[in-house]
1. For the chain, give the share of DSSP beta bridges that are antiparallel, in percent and rounded to the nearest 5; count only bridges with both residues there.
2. Within 10 Å of each residue's Cβ, count the other Cβ atoms and sort Arg24, Arg61, Arg211 from fewest upward.
3. What are the residues whose amide H is under 5 Å from the amide H of Val197, where those residues sit 5 or more places off or on another chain and H is modelled from the backbone?
4. Any idea how far apart Ser218 and Ala12 come out in nm if each label point goes 7 Å out from Cα toward Cβ?
5. Taking the chain as a Gaussian network, Cα atoms linked when under 10 Å apart, which of Ile125, Ile43, Ile76 shows the biggest mean-square fluctuation?
6. Any idea what log10 I(q)/I(0) is at q = 0.09, 0.17, 0.19 Å⁻¹ for the chain, Debye with uniform C-alpha scatterers and no solvent?
7. Pull out a ≥ b ≥ c, the square roots of the eigenvalues of the alpha-carbon gyration tensor of region 1-130, then state rounded if a/c is under 1.5, prolate if not and a/b is larger than b/c, and oblate in the remaining case.
8. PRE reach from Ser157 (point 7 Å along Cα→Cβ): which of region 46-84 fall under 19 Å by backbone N?
Amino acid sequence: MGSTAVEFKNPATATLLDAVKARRTIYGLKAESPVSDDVIESIVKDSVLHVPSSFNSQTSRVVLLLKEEHEKVWNIALQAMEGLVAAGALPKEAYESSTKPKLEAFRAAYGTVLFFVDYDALKDIKEKFAIYADKFDPFALESNAMSQYLVWTALTSEGFGANLQHYSPLIDAQIQSQWNLPASWKLDAQLVFGTPVSGPGEKAFAPIEDRFKVFGKSA
Ligand SMILES: Cc1cc2nc3c(=O)[nH]c(=O)nc-3n(C[C@H](O)[C@H](O)[C@H](O)COP(=O)(O)O)c2cc1C
């Protein structure tokens, strides 16, 4: 599914949009990397440095976990879910047949990027621009999501498959203590990545005509 074929002034624009179209959710992942860890680190650092934030508040915090460190995230999630089973909050059958294999599949991947928002970093700006105070928390999440999307797309472009997960707040305390992270870092998302061993699922697109309008376009 694409838009009308056009000729871009800069071929890099077409390359960028091809990368956008190639990014998909991939759940079948193995613990191998098509590139060096330096390449992965460079992508993640660029996403922290260059993704914009409201008033340049720079509220995103990111932790890159590879190999055994990555596996710890999913052991934490498995433990947390087992705690829910023990407490009677999650049926054992559902855990064994669905939750556990899903978490084990994440653990079988190569790495996880943890995306956090540091809400403490917004204190000054909320005082300075009091009129927008209630907007800054959602703005911080929007900026964080931009970083998530950039990393997801760039890793895909380097040959990885990836999927985006949300196990917060269930795993927050353990994540914070495992890597001794500041208490003000609030976990938002976990991007799991590895060498793909399966393709993406079917994806339906709602008609673009219902979702997009243009006014003032030249013929
Ligand atoms: C904000 C957001 C939250 C998502 N949360 C999850 C999630 O918690 N677990 C999951 O497996 N996929 C999650 N996804 C993936 C979506 O289900 C997926 O992107 C969507 O179905 C479109 O498929 P595609 O990624 O292959 O294009 C999330 C995606 C977005 C953008």
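Readers should treat all values here as calculations from the given coordinates under stated rules, not as data from a laboratory. Computed from a predicted model, the values in this text were never measured in an experiment. Heads up, the Cβs are rebuilt from the backbone with ideal geometry, glycines too, and the neighbour counts pull from every protein chain shown.
1. Close to 95 percent.
2. Arg211, Arg24, Arg61
3. Residues meeting the criterion, in which the H sits 1.01 Å from N, are Gly28, Leu29, Lys30.
4. For the pair Ser218/Ala12, the computed spacing is 2.4 nm.
5. Maximum among the listed residues: Ile125.
6. Log-scaled intensity ratios, in q order: -0.45, -1.27, -1.39.
7. Values: a/c = 2.01, a/b = 1.31, b/c = 1.53.
Oblate shape, in that a/c is at least 1.5 and b/c is the bigger or equal ratio.
8. Residues 46-53 fall inside that zone.
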